[in-house]
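The values are calculated or read from the model by the stated rules, or taken from the named source; none is laboratory data. Since the model is a prediction, treat every value here as computed from it, not as a measurement. Cβ sites come from the backbone with ideal geometry, for glycine too, and all protein chains shown count toward neighbours.
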Amino acid sequence: MSELLTKMFFGGFVRLHILYHAMREPIFGVEMMEELARHGYEVGAGTLYPILHQLEQAGYLVSHVEVVGGKQRKYYRATPEGGRAMEEARAKLRELVKEVLHDDPPTPSIRTHRGSDE
Ligand SMILES: [Zn+2]
């Protein structure tokens, strides 16, 4: 995966993906890496953990530690604020998908928009 694409676009997709799953059930790092890999995102621990930390700092996720098989495991789940952020993102995503993937009906060009505003 291109580093530039990751930085410009996929980083946001990955964050949305994480938030989505954390809304449904508590998630942990390794499991989330597997889930992201299943969707074609090669996200290593060095990338994922800072993202989880960042989402927690932003108030979108909360974490707690559980001991599983003698090892500590950090679980993350979405906060109500995370849920609200997801709702906003969903609306934007719907709008984007409508235009970029379906393009149905074809939207007027930006130039046409601009012209009609004047
Ligand atoms: Zn998924």
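List of remarks:
- Qualifying residue in segment 89-103 (condition: modelled with pLDDT of 95 or more and of a type in the set (V, I, T)): no
- Residue check for T6: in contact with a Gly (Cβ under 8 Å, 6 or more places away or on another chain) and of a type in the set (V, I, T): no
- Residues of segment 45-57 satisfying the condition of being hydrophobic (A, V, I, L, M, F, W, C) and surrounded by 14 or more Cβ atoms within 10 Å (Cβ to Cβ): L48, I51, L52, L55
- All conditions in (1) at pLDDT below 95; (2) exposed (fewer than 13 other Cβ atoms within 10 Å of the Cβ) hold for V65, with the sole exception of (1).
- Residue within segment 58-65 that is outside any strand (DSSP E or B), within 16 Å of the ligand (Cβ to nearest atom) and free of Cβ contacts under 8 Å to residues at least 40 places away in the same chain present: no
- Of the numbered criteria (1) surrounded by 10 or more Cβ atoms within 10 Å (Cβ to Cβ); (2) more than 15 Å from the chain's Cα centre (by Cα), the one G70 fails is (1).
- The set of residues from segment 51-83 being of a type in the set (S, T, Y) and in contact with a helix residue (DSSP H, G or I) (Cβ under 7 Å, 6 or more places away or on another chain) comprises Y60, S63, Y76.
- Among the residues of segment 23-34, those identified as in a helix (DSSP H, G or I) and either surrounded by fewer than 15 Cβ atoms within 10 Å (Cβ to Cβ) or within 11 Å of the ligand (Cβ to nearest atom) (or both) are R24, V30, E31, M32, E34.
- Only one of E42, E88 that is surrounded by fewer than 16 Cβ atoms within 10 Å (Cβ to Cβ) and either away from the ligand (no atom under 16 Å from the Cβ) or touching a residue at least 60 places away in the same chain (Cβ under 8 Å) (or both): E88
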